[in-house]
Amino acid sequence: MTDVTRLVIFGRQGAGKGTQCDRIIDHFGVIHLSTGDMFRVAVAAETELGKQVEPIMQSGGLVPDEMTIGIVRERLSQPDVESKGFVLDGFPRTPGQAEALVEMLGDARLTAVINLDVPLDEVTARMKARGREDDTDEGIAKRLALYDSETVPTINWFAERGMVVNVDGLGTEDEVAERIFAAIESSD
């Protein structure tokens, strides 16, 4: 492998992204970077950024690109991430964020952009089976539509630059993990 592994992972809700992030972290020793977690830490620590994003998060709104990019830039520059690499989950959400990420990394470059591909009917069935309170037919349809309208253009932005590796997300957790590992290792 090259120096360190730097990944972005995409997948619809119910695609098994959280499970596969855990597998990637265990296999490659990278740091899991979730913008949601970063914002919660900033809010808890009462940082300047935390004070700005808290009301946005409480209202269920989306944190503006410049704030999100700022917190990710700060985290990517920390020694643990620089030495171990990362898997980004939940960022970038927009083509503008994708462009900013590529610029921040500069020569470091992403190892791969993984798109965990699971058909709509399957992710819908998985979400219904979870039995969460917000996993109503309407709630699921709304979240999946939002993914298609907001996240898919970002995946397409990376795809236009030849950076996306589509991985079949159907099968056992182990089978999917092996496909992901193979895709990452062949991207180096």
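The values are calculated or read from the model by the stated rules, or taken from the named source; none is laboratory data. For clarity, every value in this text was computed on a predicted model and none was experimentally measured. Every residue, glycine as well, gets a Cβ built from its backbone with ideal geometry; the counts of neighbours run over all protein chains shown.
Restricting the search to segment 59-91, which residues are aliphatic (A, V, I, L, M) and either more than 15 Å from the chain's Cα centre (by Cα) or not in a helix (DSSP H, G or I) (or both)?
Selection gives L62, V63, M67, V81, V87, L88.
Sort out for me the helices (runs of 4 or more DSSP H) sitting completely within segment 114-188 that have 1 or more residues that are charged (D, E, K, R), within 18 Å of the chain's Cα centre (by Cα) and surrounded by 15 or more Cβ atoms within 10 Å (Cβ to Cβ).
Where helices (runs of 4 or more DSSP H) fall fully within segment 114-188 and carry at least 1 residues being charged (D, E, K, R), within 18 Å of the chain's Cα centre (by Cα) and surrounded by 15 or more Cβ atoms within 10 Å (Cβ to Cβ), they are 137-146, 173-187.
Checking the condition touching a strand residue (DSSP E or B) at 6+ places or on another chain (Cβ under 8 Å) and of a type in the set (D, E, K, R), which residue from D89, D174 passes?
Answer to the selection: D89.
Starting from segment 24-49, take each residue that is free of Cβ contacts under 8 Å to residues at least 40 places away in the same chain and list its partners that are surrounded by 15 or more Cβ atoms within 10 Å (Cβ to Cβ) and among the acidic types (D, E), counting only C-beta distances under 6 angstrom and pairs at least six apart or across chains.
Between residues of segment 24-49 that are free of Cβ contacts under 8 Å to residues at least 40 places away in the same chain and residues that are surrounded by 15 or more Cβ atoms within 10 Å (Cβ to Cβ) and among the acidic types (D, E), the close pairs are V43/E54.
When you go through V53, V63, V30, V8 one by one, which is the residue that is surrounded by 15 or more Cβ atoms within 10 Å (Cβ to Cβ) and touching a Lys or Arg at 6+ places or on another chain (Cβ under 7 Å)?
V30
For the list (1) assigned to a strand (DSSP E or B); (2) free of Cβ contacts under 8 Å to residues at least 60 places away in the same chain; (3) of a type in the set (A, V, I, L, M), I need the number of the one condition that L7 fails.
Checking L7 against (1) assigned to a strand (DSSP E or B); (2) free of Cβ contacts under 8 Å to residues at least 60 places away in the same chain; (3) of a type in the set (A, V, I, L, M), the one that fails is (2).
Kindly evaluate L7 against the criterion of being among the aliphatic types (A, V, I, L, M) and touching a strand residue (DSSP E or B) at 6+ places or on another chain (Cβ under 8 Å).
So L7 fits the description; yes.
Being farther than 23 Å from M127 by Cβ and among the β-branched types (V, I, T) is the requirement here; does I24 meet it?
Criteria not met by I24.
State whether the residues of segment 92-104 include one that is touching a Ser or Thr at 6+ places or on another chain (Cβ under 9 Å), part of a loop (DSSP other than H, G, I, E, B) and more than 20 Å from G61 (Cα to Cα).
No, there is no match, as no residue in segment 92-104 is touching a Ser or Thr at 6+ places or on another chain (Cβ under 9 Å), part of a loop (DSSP other than H, G, I, E, B) and more than 20 Å from G61 (Cα to Cα).
Let's see how each residue does on (1) among the β-branched types (V, I, T); (2) in contact with a Phe, Trp or Tyr (Cβ under 8 Å, 6 or more places away or on another chain):
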{"site": "D3", "(1), (2)": "no, no"}
{"site": "R12", "(1), (2)": "no, yes"}
{"site": "A15", "(1), (2)": "no, no"}
{"site": "T19", "(1), (2)": "yes, no"}
{"site": "D26", "(1), (2)": "no, no"}
{"site": "V43", "(1), (2)": "yes, no"}
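Residues are listed down the side, and each one gets a yes or a no for (1) among the charged types (D, E, K, R); (2) free of Cβ contacts under 8 Å to residues at least 24 places away in the same chain; (3) farther than 18 Å from I25 by Cβ:
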position: E54; (1), (2), (3): yes, yes, yes
position: M57; (1), (2), (3): no, yes, yes
position: I69; (1), (2), (3): no, no, yes
position: E74; (1), (2), (3): yes, yes, yes
position: Q78; (1), (2), (3): no, yes, no
position: V87; (1), (2), (3): no, no, no
position: F91; (1), (2), (3): no, no, no
position: D107; (1), (2), (3): yes, yes, yes
position: V123; (1), (2), (3): no, no, yes
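So how many residues does segment 54-76 have that are modelled with pLDDT of 90 or more, of a type in the set (S, T, N, Q) and over 18 Å from E150 (Cβ atoms)?
Going through segment 54-76 one residue at a time, the tally reaches 0.
Does I56 count as within 27 Å of A125 (Cα to Cα), part of a helix (DSSP H, G or I) and β-branched (V, I, T)?
Judged against the criteria, I56 is not a match.
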